[in-house]
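First the structure, in the form of structure tokens, and then the observations on it.
What follows is calculated from the coordinates using simple rules that are stated; it is not laboratory data. As the structure is a prediction and not an experimental result, all values here were calculated from the model. Glycine also receives a Cβ, built like all others from the backbone with ideal geometry; neighbour counts cover every protein chain displayed.
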Ligand SMILES: *Cc1c(COP(=O)(O)O)cnc(C)c1O
């Protein structure tokens, strides 16, 4: 049997990875050596792997520079409408390979390093993830934004991502004695070769102070100033020579920070206190789908918005258009040239009133708040990504009053007009006024940021069809009734560059062999694969790639977890943040049930499974942390049971992050997307698995609904309550105990958890989980248990027939076209931002020599 190709050999075969021409390779070698010498100041005798990684990164980066400058010049010349994405999170992962893929440099670099006696893959593994986000779009859609930046550059949009350069990104998860331990993510420790500091564009951001009413109008005075120092990271498009910018702000104390202390002799203390101001960009809040009303968080939100808006208006005024005499001071033209996309909780609402403030300040005094408001609404669009009430941002008024007193006044003024309008449309409907107010009354007055966003935007959208319907019919129904034309849907997507070409070269290649490589920019072309559903050779190729990916991942698992993996078992994977609504506990109940069945009939021919669950729990979320402990406890029992053998293994994948996703997802047979219907806004993990040839077991939730529509419902394993069923059950009341008493296998599993079967030394270890599931489970795990187990039986049965399984896989891959973030971005561009995407290239600069 021929030895399977290594990834390196495989990549060389793929023309979509660029050609390793002799000249190209020679140049890369020269530049690599030059960087090792001049940039890293090392020679080959003393260089470490990390030095080599940096030399490679700089060599690749050189190829971006000309394109980056050229793109920005091009934008200046053509002055297109700019698209600004503001977010507190950008979950970018690694940059090196992505850059090589988009610049078609991968094969050439591989060859150059090979000739230098180095292994490119090994060097790539040294790069730290830029984990400046929590994952998915629950709380922060950070990953979606990373996909969107890639798509915006690939579609030639003049787009900018703006966020915070956290010194510490999402924590690293360690599993110690089965529990999650958090470690700080010191990702900048060795330096970041991809960023460029731009101190010349530093901006002041004001906090605290008070409002003064003077003859010249209202003033915000006695503020504390923090400087926002920008760092730019290039965002290359896919082979179109476009390089956009992600600009992340870092907090710097001004030189005169706490100067008054100097005068009383507190010089040392004053310098030490600079840290306090700089804490703003110290660390990412690690919550997922949970709002924590901390002052530092509000500071972060305001910091990014205030710095960014100054930058946007500076760029507007410096643009050809903005610099013409007439227009310079006329910000009424801003909406023609600028669109602000406000995601997550934060910037959304802040952006709105801050924009108003800016327009007022930076315009002739005749400019009224009304005009400013009009500009704001025409400029801003709001994307909602969760309906979980605990995730919606509601800031205590007191906190606001202290930190941003002038902004609070403006919010009150906006609210006054908003309520006036409601009163005129719905006279005497006091309940509606209360429900729709931007200010929630109660023990503690709160500002409802989602309401502010809706009122302050010309467009509001959800991120999957079902989610957009839910927001219209439930949380934002009053707003929909009043302004139905504002509401839209934009189903999320993922970038096929990172999530196929980069992470699964084998599959990308097999597809390219059949339908050419244009599908990488136009994912709808995957439909052409449906012609090959019955083509034995194609079925064999797809199955073979999956098997290779599994073997490779199995090696990683065996090394890491010291567990013997059966590579012929079904790889059943649930990776995502640990959260009750995502229902990792439902998965646990299936594992236990499957285990009990094997034990009961050990001689039956069970379909073997390796079940992997991974994900981080927010550090303060106790239930999520207990869920991790339960998974590891089940693993300890199951994996050491000789009766079970290699028919069932349970592995908790430690430290789930983009880099691990890129390894695990291509190896998955089964993708678990089992949230309670109506709770997952869209999900993006579901799409990544589908594109990489896994079949989905899932509920009719989020984007699963559209995945089933695109691939054919018969090609997914759909089970459980629909949104209507969940609503009906909420009305009638959910009675977990009834299920427990009625379903013997469920009862057995629960009794094992509560009786210490999985935690013999500490029988009550899981009492909180048990109590929650039995008595206050908001996500109704037991209600879907029976159907889930039955559905898993169907999965196991089909897996016994590899050919039929792979045919379904091909239907799924063929139906993936809709889930490209290129499609998502094109829709935002045309239907919300008023800009036209394009697949045209701009001219290439001369590459570095
Ligand atoms: C895609 C992705 C997510 C989102 O997964 P969902 O299943 O949509 O919640 C979270 N974290 C990482 C690292 C990812 O790559």
Task: For q = 0.12, 0.20, 0.27 Å⁻¹, Debye-computed log10 I/I(0) when each Cα of segment 22-94 counts as one equal scatterer - done: -0.54, -0.91, -1.15
TODO: At 7 Å along the Cα-to-beta-carbon direction for both residue 116 and residue 741, put a label point, then send me their distance in nm to one decimal.
DONE: 7.2 nm
TODO: Rounded to whole Å and ordered largest first, report the semi-axes of the equivalent ellipsoid of segment 450-573 derived from its Cα gyration tensor (root of 5λ).
DONE: 42, 22, 13
Open item on the list: Return the equivalent ellipsoid semi-axes of segment 604-653 as a descending list in whole Å, where each equals the square root of 5 times an eigenvalue of the C-alpha gyration tensor.
Closed with: 26, 10, 7
Task: 10 Å binning of all Cα-Cα separations within the chain, expressed as whole percents from 0 upward - done: 2, 12, 22, 25, 20, 12, 5, 1, 0
TODO: Report the relative contact order of segment 510-594, percent, no decimals, based on alpha-carbon pairs under 8 angstrom and at least 6 residues apart.
DONE: 15 percent
Task: the chain: calculated mean residue ellipticity at 222 nm from DSSP helix runs of at least 4, using -39500 (n - 2.57) - done: -14000 deg cm²/dmol
TODO: Neighbouring Cβ atoms within 10 Å as the yardstick, rank 154, 281, 682 fewest first.
DONE: 281, 154, 682
Task: Gain on full stretching of the segment that runs from residue 483 to residue 212 - 0.36 nm per residue minus C-alpha separation - done: 94.0 nm
TODO: Evaluate E = 1/(1 + (r/R0)^6) for residue 413 and residue 434, where r is the Cβ-Cβ distance and R0 equals 22 Å; express this FRET efficiency to the nearest 0.05.
DONE: 0.70
TODO: Treat each spin label as a single point 7 Å out from the Cα along the C-beta direction, and report the residue 424 to residue 728 distance in nm.
DONE: 4.4 nm
Task: Shape parameters for segment 671-740, alpha-carbon atoms, Rg then Dmax in Å - done: 13.3, 41
Open item on the list: Using a 10 Å cut-off around each Cβ, can you sort 713, 654, 200, 301 from fewest to most neighbouring Cβ atoms?
Closed with: 200, 713, 654, 301
TODO: Would you please calculate the Kirkwood hydrodynamic radius of segment 753-849 over all C-alpha pairs and express it in Å, rounded to one decimal?
DONE: 19.9 Å
Task: Label-to-label distance, nm, for residues given as residue 37 and residue 333 (7 Å Cα→Cβ offset) - done: 5.1 nm
- [ ] Using a 10 Å cut-off on Cβ atoms, rank the peptides 525-532, 636-643, 39-46 from the highest mean neighbour count down.
- [x] 525-532, 636-643, 39-46
- [ ] Average the reciprocal distances over every distinct pair of alpha-carbons in segment 440-496, invert the result, and give the Kirkwood radius in Å.
- [x] 12.5 Å
TODO: State the Cα centre-to-centre distance between segment 720-747 and segment 682-697 in whole Å.
DONE: 27 Å
- [ ] Kindly state, to the nearest 0.05, the FRET efficiency for residue 556 paired with residue 636, given R0 = 22 Å and r defined as their beta-carbon distance.
- [x] 0.60
TODO: Could you line up 796, 838 from fewest to most neighbouring Cβ atoms inside 10 Å?
DONE: 838, 796
- [ ] Between the alpha-carbon centers of segment 180-196 and segment 558-625, tell me the distance in whole angstrom.
- [x] 30 Å
Open item on the list: Give me the base-10 log of I(q)/I(0) for segment 531-613 at each q in 0.10, 0.15, 0.21, 0.25 Å⁻¹, Debye formula, one uniform scatterer per Cα, rounded to two decimals.
Closed with: -0.37, -0.78, -1.09, -1.17
Open item on the list: Suppose a student asked you for the relative contact order of the chain, using Cα pairs under 8 Å spaced at least 6 residues apart; what percent would you report?
Closed with: 14 percent
- [ ] Report the convex hull volume per residue for segment 623-766, counting only C-alpha atoms, in Å³.
- [x] 159 Å³
Open item on the list: Please compute the length gained on full extension between residue 445 and residue 295, using 0.36 nm multiplied by the number of residues separating them and subtracting their Cα-Cα distance.
Closed with: 52.4 nm
